[in-house]
1. Highest GNM mean-square fluctuation, chain A, Cα pairs closer than 10 Å: which of A:D281, A:D137, A:D166?
2. May I ask for the percentage of alpha-carbon pairs in chain A that lie more than 37 Å from each other?
3. Residues of the stretch B:77-119 with backbone nitrogen within less than 20 Å of a virtual label 7 Å along the Cα-to-Cβ line of A:R110, please, listed as ranges.
4. In a Gaussian network model over chain B where Cα atoms closer than 10 Å are linked, find which of B:A180, B:A256, B:A190 has the largest mean-square fluctuation.
5. Treating the angle as unsigned and between 0 and 90°, give the value, to the nearest 10°, between the Cα long axis of helix B:102-115 and the longest Cα principal axis of chain B.
6. For the residue pair B:S160 and B:A203, what label-to-label distance in nm results when each label sits 7 Å from Cα along the Cα-to-beta-carbon direction?
7. Return the tail of the calculated pair distribution for the stretch B:123-245, meaning the percent of Cα-Cα pairs more than 20 Å apart.
8. If you bin the C-alpha pair distances of the stretch B:4-48 every 5 Å from 0, what whole percents do you get?
Protein chains: 2
Amino acid sequence: MASITEVARLAGVSTATASRVVSASAYPVSAATRARVLEAARTLDYVPNALARGLLKSRVPVVAVIVHDITDPYFAEVVRGVEDAASAAGYLVITCSSERNAERERSYIRLLRSMRAAAVVFAGSGLDDPALNEEMDRHLAAMQADGAAVVHLSPYAGGSPEVSVDNAAGIAAMVAELVALGHRRIAFLAGPRSLFVARERLAGYRRGLEAAGIPFDEAIVVRTSFDADGGALGVDTLLASGAPFTAVCCANDLLAFGALQRLAALGIAVPGAVSVAGFDDIPTAALTAPSLSTVRLPLREMGRRGFRHADRLLAGDVPAAEIMPTQVMLRGSTAAPPAADAPRAPHAADAAGVA
Amino acid sequence: MASITEVARLAGVSTATASRVVSASAYPVSAATRARVLEAARTLDYVPNALARGLLKSRVPVVAVIVHDITDPYFAEVVRGVEDAASAAGYLVITCSSERNAERERSYIRLLRSMRAAAVVFAGSGLDDPALNEEMDRHLAAMQADGAAVVHLSPYAGGSPEVSVDNAAGIAAMVAELVALGHRRIAFLAGPRSLFVARERLAGYRRGLEAAGIPFDEAIVVRTSFDADGGALGVDTLLASGAPFTAVCCANDLLAFGALQRLAALGIAVPGAVSVAGFDDIPTAALTAPSLSTVRLPLREMGRRGFRHADRLLAGDVPAAEIMPTQVMLRGSTAAPPAADAPRAPHAADAAGVA
DNA sequence: CTGAAAGCGCTTACAG
DNA sequence: CTGAAAGCGCTTACAG
């Protein structure tokens, strides 16, 4: 692979001059010289060595995105958004699936530091785990001290995210829609207790209930993992408790998928007997049967803005935090409760028997 | 950030010695010296500069995965597999969503070359586009000439993939299952005509039919894009044609999702009136209602092996190509045809009217 | 077993 | 407008 030395030699100029033209520096170079260098670069198929350049700048045009799991459609969307904005700016994106595992995060951050990645975008929410967070902070401080940009797209221990969405308002809006449909016994599948974002969403549920004058009932709030298994388990738990409900509001779409499936397996009609609502609007939400009513988060756009925020940070700016809008998407999984005047648990006894 | 020079100074040794211990070189260093260097590295929180090292080796521990779209669950799984194996080996993974767009691929390959990525894994199938392929080959040849490893996980213009699956056999196995269920009019949603992998899958469909002694009927084969929209469109096309069918075999799960949804919207029962089968077994395939019968591809494992293949290539080995097994997963979307003795198009006229 | 020195491919004061 | 030279942080013959 040709180096700038060879380009300079072929063009008959110094490497300084060659560098100035191929790196699009603002330094003045005569048009004739410039043309000769460009010509030489072309004939040698010259591709600058990002490592050599990075060694000087102590920074390489690479952004890392830390996700819980790239296989989760929520994160895949965010990564895609980061990628779109990043590649437009000549950056490459590194994907790190941390599994919320301290050891994995630690080793990723170390690799990223060794690579002199220019920026790190944390796509997922932080966990309320003091030990993990203390260690994370040390690494982050080191990266920032090196001049790397750090951006969060979800709440975390260190404070509020630079680019995000109002999770609580989003859930509250969905609760309001369910109430408007006639529901008053609205169960909530809350996700993991220690995940900051799950906490915000639970707060949104309470706020929505409050706005409608409906008392909060701990008996119909279930905390499970943030995935489809958690949704199925949540339905089982709700049914087993015997507490009545006509709608299940879920803290994310995966939970809703699991709930939908479990309900179908139990022969409980959606939305005939129970309504189900999700949150996030991942691409497949429109493909379930019935299609899922949910709250749309501008996931891809959050990724794009996350990159741009980092890019501005790198340029020395201090951009303001951004909060993006959410939007309720009413589809096939929600409807009025079966008997608006006397809401009861749908086949509670039968279903529990089936389960 | 501390450099090796500072570590060496603190330990009271030369940078050569310090380098030998921190880089785990095989070069002999006395135990006492080694301990002092390690201690210095620890107190300075020394993280080696991968760029400086990469500049010498002209290779950095980074693998790139070229996918069509990271947002497609098929690719997210493969990327995750690559990531798991790569991070275990101290590599970082770069994600490139090419959108099968020549310009995007070109610019990615250029960035990757400039970064001296050690390996490139092509997760998706090639397109039968001579112009694009000719250009791709040039870049790849340049990367390989630089010593980078290149691995394909799906068929492409240049030959057969290093790590893959027998697509044709997989589809043929699914056709055999449908036949065993009593179907003889099995429609096929084939995906894009120019994608090599779609061609293999179509060949598998023909082979499956042939094995069952069922004549191939072009009238019930539809070619569309490889996504849910394509599946919905495929169902409409099939219904509009008036040709009878009792099952729809799809070349991938996304197509099947679209078909399932369209069929539900038209009020055509699955699997009561028509059976639907997918291919790939992406994670959400088990979550649709009815759950999707499909063919499981070991996506994550393909990713892992893809990395390991690249790693071996980098080590100078010439590993043999690997073909991994597929497995038919029969779930809720397939059953015996409605009237095994007289298969007809389900509500063909009505449905077409609805559409 | 240890160290001095060259060199990987760039960019950037600095001098002209 | 152009170029000689230093230096970014490593590793590796080479000499001892």
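Every number in this text was worked out from the coordinates using simple rules, so none of it is lab data. Predicted model only: the values in this text are computed from it and were never measured. Cβ: placed from backbone, ideal geometry, glycine included. Neighbour counts: every protein chain shown.
1. Highest fluctuation among the options: A:D137.
2. 34 percent
3. B:83-94, by backbone N distance to the label point.
4. B:A180
5. The two axes meet at around 20 degrees.
6. 0.9 nm
7. Counting pairs separated by more than 20 Å, the tail of P(r) holds 53 percent.
8. 5, 29, 41, 20, 5
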